[in-house]
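Everything below concerns the one structure shown next.
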Amino acid sequence: MDLTTGILLIISIALLVIPPVILLWPLVSSVADRISGKKSGAKEIADLKKRISTLETVIGDLQNKVHVIEESSDFKDKLIEDSKVKAP
């Protein structure tokens, strides 16, 4: 193997390896940063999970209040019906 063949072999290997590394580097770096929590994406996800939890609590409280109001309304309706039936 002479010098020219060796140089061509090194250049062809470099041309096969370097472009994919250059093209995929931002993607690999971004995934690694998100996994390690360095980028804001991981923090934003944690914040959104907290907000969802808070909203679920608020929704649960509102559902309980609606249930109480419905029961109160039903009770009032029954009282009104009873008063109409008893009234001559």
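We did not get these values from a lab; they are worked out from the coordinates using the rules stated. None of these values were measured; they are calculated from a predicted model.
Values for this structure:
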quantity	calculated
The chain - Kirkwood radius from inverse mean 1/r over Cα pairs (Å)	20.2
Length gained when the stretch LEU3-SER83 is fully extended (0.36 nm per residue, less Cα-Cα span)	17.8 nm
Proximal lysine pairs, the chain, alpha carbons under 17 Å, eight or more residues apart or interchain	5
Between helix 40-86 and the chain: long-axis angle, C-alpha atoms, 0 to 90°, nearest 10	20
Residue with peak Gaussian network fluctuation, the chain [Cα springs, cutoff 10 Å], from SER53, SER29, SER73	SER73
